[in-house]
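Colleague: Structure in structure tokens, see below.
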Amino acid sequence: MATTKPITMLVARSRPAYTLTASTIRTFTPIAPRATFSTSQFRSATPAGPPPPGFRLPKPVRWNESKESTMDKAGKYFLMSEMFRGMYVVLEQYFRPPYTIYYPFEKGPISPRFRGEHALRRYPSGEERCIACKLCEAICPAQAITIEAEEREDGSRRTTRYDIDMTKCIYCGFCQESCPVDAIVESPNAEYATETREELLYNKEKLLANGDKWEPELAAAARADAPYR
């Protein structure tokens, strides 16, 4: 009679023994989202692993919470305040009288010390004021004045040539301040534009004509400025 013991021992020896270790146990984790660091409950189940220590995840914003920061709110507040301020200025200026005038039909006031077109003055008798001292020629920083003089029969001096190159003049007023007899002055006229450069080369006749034309204004300006000289 055959025994089954050898067969049993053979089967037992053919089966290898397995031991359960931590490395052989499979762990199943839920599918991680596509983001590197998730804000869900499964924070450790991410493709890159758990977040680094000390990493601060943004707090989830609820539907009833504002998404604007304090700086954003402050910026909007200041922007709106500046807009309202600008609108206030516009409305305030709208109801005020205009500051502009219809030039050249209207002209604004001019200071008595305004330095405009040059002129040579005369005495009330018609005699020229200039005594050919050449102080204006010497003090002119632009060297725009040229004077030639000769003696009169009574021994005084008079100018035979008095030229001013208006293209060089810087309208400093030194010639007017240095003149001892108020002969060379700068009139309140500021409208003397020309088409050619030669028209800005003033001679003695042109300067005397300007003085005769603007004598009332020049005399009034001299009287207004007399207390301060």
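Colleague: Residues Gly116, Gly173: which one is under 23 Å from Pro104 (Cα atoms) and not aliphatic (A, V, I, L, M)? It would help to see each step written out before you state the result.
Modeller: On the way: Gly173 fails: under 23 Å from Pro104 (Cα atoms).
One residue alone meets the criteria, Gly116.
Colleague: On the basis of being surrounded by 14 or more Cβ atoms within 10 Å (Cβ to Cβ) and either of a type in the set (Asp, Glu) or closer than 26 Å to Ala193 by Cβ (or both), does Leu120 make the cut?
Modeller: Values: surrounded by 14 or more Cβ atoms within 10 Å (Cβ to Cβ): yes; either of a type in the set (Asp, Glu) or closer than 26 Å to Ala193 by Cβ (or both): yes.
In short, yes.
Colleague: Turning to a different aspect of this structure: Looking at the structure I just gave you, is Ala142 touching a residue at least 40 places away in the same chain (Cβ under 8 Å) and not hydroxyl-bearing (Ser, Thr, Tyr)? Steps first, please.
Modeller: Working: touching a residue at least 40 places away in the same chain (Cβ under 8 Å): no; not hydroxyl-bearing (Ser, Thr, Tyr): yes.
Here the answer is no, as Ala142 does not meet what is asked.
Colleague: Regarding the stretch 212-229, can at least one residue be identified that is out of contact with any Cys (no Cβ under 8 Å at 6 or more places or on another chain), in a loop (DSSP other than H, G, I, E, B) and loosely packed, with under 13 Cβ neighbours inside 10 Å? Reasoning before the result, please.
Modeller: Filtering the stretch 212-229 down to residues out of contact with any Cys (no Cβ under 8 Å at 6 or more places or on another chain) leaves 212-229.
If we keep only those that are in a loop (DSSP other than H, G, I, E, B) as well, we get 214, 229.
Filter again for loosely packed, with under 13 Cβ neighbours inside 10 Å, leaving 229.
Yes, there is a match, as at least one residue in the stretch 212-229 is out of contact with any Cys (no Cβ under 8 Å at 6 or more places or on another chain), in a loop (DSSP other than H, G, I, E, B) and loosely packed, with under 13 Cβ neighbours inside 10 Å.
Colleague: Still on this structure, please answer the following. As an exercise: evaluate Cys136 against (1) of a type in the set (A, V, I, L, M, F, W, C); (2) surrounded by 10 or more Cβ atoms within 10 Å (Cβ to Cβ); (3) assigned to a loop (DSSP other than H, G, I, E, B) and give the number of the one condition it does not meet.
Modeller: (3)
Colleague: Next question, about the same structure. Can you pull out every residue in the stretch 149-192 that is touching a residue at least 40 places away in the same chain (Cβ under 8 Å), acidic (Asp, Glu) and not in a strand (DSSP E or B)?
Modeller: Matches in the stretch 149-192: Asp182, Glu191.
Colleague: Of these, Ile101, Ile170, Ile131, Ile184, which one is aliphatic (A, V, I, L, M), at pLDDT below 95 and under 27 Å from Pro227 (Cα atoms)? Even if it seems obvious, please write down each step before you answer.
Modeller: Numbers: Ile101 fails: under 27 Å from Pro227 (Cα atoms); Ile170 fails: at pLDDT below 95; Ile184 fails: at pLDDT below 95.
Just a single option satisfies the conditions, and that option is Ile131.
Colleague: Ala209: assigned to a helix (DSSP H, G or I), among the aliphatic types (A, V, I, L, M) and modelled with pLDDT under 95, yes or no? Explain how you work it out, then say what you get.
Modeller: Values: assigned to a helix (DSSP H, G or I): yes; among the aliphatic types (A, V, I, L, M): yes; modelled with pLDDT under 95: no.
No: the conditions fail for Ala209.
Colleague: Find all pairs meeting these conditions: Cβ atoms under 9 angstrom apart; at least six residues apart or on different chains; first residue within the stretch 53-78 and at negative phi; second residue of a type in the set (Lys, Arg) and at pLDDT 75 or above.
Modeller: If the second residue must be of a type in the set (Lys, Arg) and at pLDDT 75 or above, the pairs left are Ser66/Lys73; Glu68/Lys76.
Colleague: With respect to Tyr162, is the statement that it is touching a helix residue (DSSP H, G or I) at 6+ places or on another chain (Cβ under 6 Å) and among the hydroxyl-bearing types (Ser, Thr, Tyr) true? Outline the logic, then answer.
Modeller: Values: touching a helix residue (DSSP H, G or I) at 6+ places or on another chain (Cβ under 6 Å): yes; among the hydroxyl-bearing types (Ser, Thr, Tyr): yes.
Answer is yes for this residue.
Colleague: Next question. Checking the conditions here, which among Ala142, Ala190 is of a type in the set (A, V, I, L, M, F, W, C), surrounded by fewer than 16 Cβ atoms within 10 Å (Cβ to Cβ) and closer than 24 Å to Pro109 by Cβ? If you could, list the steps in order and put the result at the bottom.
Modeller: Working: Ala142 fails: closer than 24 Å to Pro109 by Cβ.
The unique qualifying residue is Ala190.
Colleague: Here is a further query. Six or more apart or on different chains, Cβ atoms under 8 Å: show the pairs whose first residue is in the stretch 197-209 and without any contact (Cβ under 8 Å) to a residue 60 or more places away in the chain and whose second is surrounded by 13 or more Cβ atoms within 10 Å (Cβ to Cβ) and among the aromatic types (Phe, Trp, Tyr).
Modeller: Short answer, once both residue conditions are applied: Asn203/Tyr162.
Colleague: I've got another one for you. Here are some conditions: (1) within 17 Å of Ala183 (Cβ to Cβ); (2) free of Cβ contacts under 8 Å to residues at least 24 places away in the same chain; (3) aliphatic (A, V, I, L, M). Val89 meets all but one. Which one does it not meet?
Modeller: Going through the list (1) within 17 Å of Ala183 (Cβ to Cβ); (2) free of Cβ contacts under 8 Å to residues at least 24 places away in the same chain; (3) aliphatic (A, V, I, L, M), Val89 breaks only (1).
The values are calculated or read from the model by the stated rules, or taken from the named source; none is laboratory data. Every value quoted in this text rests on a predicted model; they were computed, and no experiment measured them. Here Cβ is always computed from backbone atoms with ideal geometry, including for glycine, and neighbour counts include all displayed protein chains.
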